[in-house]
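*Asks:* A single structure is presented below for examination.
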Ligand code: B12
């Protein structure tokens, strides 16, 4: 149901407040375990809560799916997101802007830091084959891409950024267990801030499916990109920050 900016979830009939939720409890499957799942859902504001699926997950664990009604409403006016604040450019426009604005190629150094070996995301942005029908940054004639791949240490990233005279570093973090993505990113940002004078340091961009795009300042980086990002968005952002904004300034 929608009343202006107020929304209620929708399952079977409009405005019925029905939601579906899945989680695992560290308990062997039994009737008591299903009762525990319903109790948890109740405590989360789901009432009635129907356990629609319960699957043993090895000894001592059960996976649940619960379907039920929440009374909460959401207010669209109070939602906070990072809207795109730069124009989307075609590869041709990006190349032209860099050529005329920088008069040299724009250099990006990218990779996955820490123990993270999930390279598909950063490759989607950097590799020529790209993502979602868009070519990656390697396709752009005026962008030089240095893709360091998986498990790059922060000191190595700083070293390569220096060697390459990077305009931007692009870092991917997919594993979020124990907030690894947050700690690794903060370590990276601190290392770059220490290694460079503030007016010389490369633009720091991080991305990954579980990043909250509103966290850039908390992470100490210039921009955060999340799931579904396309190479064109990244190329446009880099052009906006490294070419257009500097030209205006
Ligand atoms: C493929 C995969 C692997 C492959 C990775 C191969 C490779 N070369 O990348 C392998 C098998 C090696 C692997 C291993 C592991 N994996 Co894995 N893996 C996945 C899987 C199935 C897909 C990830 C993927 O490729 N997505 C596709 C890309 C295109 O999406 P993306 O990364 O989100 O990238 C997009 C955006 O986020 C953004 N983006 C990403 N990075 C960047 C960077 C920048 C700069 C920008 C601008 C944008 C950007 O742009 C991209 C395009 O839109 C996910 C589950 C899932 N379905 O997501 C689990 C998953 C990520 N893996 C997981 C785990 C736990 C592991 C292991 C720890 C398992 C284990 N116990 O060994 C290991 C860890 C290995 C390591 N050292 O990192 C968990 C992570 C849980 C968590 N919250 O931390 C997941 C979510 C599975 C799960 N549900 O448990 N994995």
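Just so you know, all these numbers are worked out from the coordinates, no wet-lab data involved. These numbers were taken from a predicted model, which means no experiment stands behind them. Cβ placement follows ideal geometry from the backbone for every residue including glycine, while neighbour counts extend to all protein chains displayed.
*Asks:* What value, in deg cm²/dmol to 500, does the helix sum -39500 (n - 2.57) over DSSP H runs of n ≥ 4 give at 222 nm once divided by the residues of the chain?
*Replies:* The helix-only estimate for the chain comes to -8500 deg cm²/dmol at 222 nm.
*Asks:* OK, next. Decide, for the stretch 167-236, between rounded, prolate and oblate: order the square roots of the alpha carbon gyration tensor eigenvalues as a ≥ b ≥ c, take rounded if a/c falls under 1.5, and otherwise choose prolate if a/b is larger than b/c, else oblate.
*Replies:* It is oblate, given that a/c is not under 1.5 and a/b is not larger than b/c.
*Asks:* Also, quick follow-up: Between residue 227 and residue 162, what FRET efficiency follows from the Cβ-Cβ distance if R0 is 45 Å, with the result rounded to 0.05?
*Replies:* Computed FRET efficiency for residue 227 and residue 162: 0.90.
*Asks:* Another question, if that's okay. Kindly state, to the nearest 0.05, the FRET efficiency for residue 47 paired with residue 150, given R0 = 35 Å and r defined as their beta-carbon distance.
*Replies:* Working from the Cβ atoms, E equals 0.15.
*Asks:* In addition: Take residue 16, project a point 7 Å from its Cα along the Cβ direction, then tell me which residues of the stretch 54-73 have their backbone nitrogen under 15 Å from it.
*Replies:* So the set is 67-71.
*Asks:* Can you give the FRET efficiency for residue 194 and residue 244, using 1/(1 + (r/R0)^6), R0 = 35 Å, r = Cβ-Cβ distance, to the nearest 0.05?
*Replies:* Calculated value: 0.75.
*Asks:* 7 Å from Cα along Cα→Cβ at both residue 71 and residue 24: what's the point-to-point distance in nm?
*Replies:* Reported label-point gap for residue 71 and residue 24 is 3.3 nm.
*Asks:* Over the stretch 2-77, calculate the relative contact order: mean separation of alpha carbon pairs under 8 Å at least 6 apart, over the residue count, as a percent.
*Replies:* 39
*Asks:* Taking a ≥ b ≥ c as the square roots of the Cα gyration tensor eigenvalues, with a/c under 1.5 meaning rounded and otherwise prolate when a/b beats b/c, else oblate, which class fits the chain?
*Replies:* Taking the square roots of the gyration eigenvalues as a ≥ b ≥ c, the chain is prolate.
*Asks:* Here is a further query. Which whole-number percent gives the relative contact order of the chain, counting Cα pairs below 8 Å spaced six or more residues apart?
*Replies:* Computed value for the chain: 17 percent relative contact order.
*Asks:* Now for a separate question. Taking 0.36 nm per residue of sequence separation and subtracting the Cα-Cα distance, how much length would be gained by fully extending the chain between residue 96 and residue 6, in nm to one decimal?
*Replies:* Between residue 96 and residue 6, full extension yields 28.0 nm more.
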